[in-house]
Amino acid sequence: MELPGSLVHEFPSNMMVSVMDECLSVLVYGKRAYSKQCTVWVMKEYGVAESWSNQYEIDLDGRLVLVLGLRKNGEMLLVMGKELVSYNPESEGIKKLGVSGCKDSL
């Protein structure tokens, strides 16, 4: 499956595959996983490389973040510090989910 042209030279360890609104998506971290910045690319038409679109650029004020996945409601599950939170990329709102632990266990 082809990636968007701008991602061809990204290190695989900086990317994670997920699903968003029943579409294939790729999460690309700025410098490394557990980065403060993440770009979300979505393939609108499965198998069509030209249908990739850059949906979101997430920058959470310098806090270290790991994006775990994308929820059906369009929000993202993130690990911030030792907490699991839901992030709304449109409003940039963060909702704590009452779950905590070390980042690798979440």
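Pairs are defined by a Cβ separation below 6 Å, a sequence spacing of at least 6 or placement on different chains, a first member in the range 81-92 that is closer than 13 Å to G69 by Cα and in contact (Cβ under 8 Å) with a residue 24 or more places away in the chain, and a second member that is outside any loop (DSSP other than H, G, I, E, B) and open to solvent by less than 30 Å² (accessible area, probe 1.4 Å); the pairs so defined are Y87/M76; Y87/L78. Would you mention how many residues in the range 1-10 are surrounded by fewer than 13 Cβ atoms within 10 Å (Cβ to Cβ) and either in contact with a strand residue (DSSP E or B) (Cβ under 9 Å, 6 or more places away or on another chain) or modelled with pLDDT under 85 (or both)? Looking only at that region, the number is 4. Scanning the range 14-26 for residues that are under 10 Å from Q55 (Cβ atoms), modelled with pLDDT under 85 and buried (at least 17 other Cβ atoms within 10 Å of the Cβ) yields a single hit, M20.
Of all residues in the range 69-94, those satisfying the criterion of being of a type in the set (A, V, I, L, M), modelled with pLDDT of 80 or more and under 21 Å from E22 (Cα atoms) are M76, L77, L78. When N54 is tested against the conditions (1) within 14 Å of the chain's Cα centre (by Cα); (2) open to solvent by less than 60 Å² (accessible area, probe 1.4 Å); (3) modelled with pLDDT of 90 or more, the lone failure is (2).
The values are calculated or read from the model by the stated rules, or taken from the named source; none is laboratory data. As the structure is a computational prediction, the values presented were derived from the model and not from experiment. Here the Cβ is made from the backbone with ideal geometry for all residues, glycine too, and neighbour counts use every protein chain on show. Accessible surface is based on the protein model in full, side chains and every heavy atom, while ligands, DNA and RNA are left aside. Shrake-Rupley method; radii C 1.70, N 1.55, O 1.52, S 1.80 Å.
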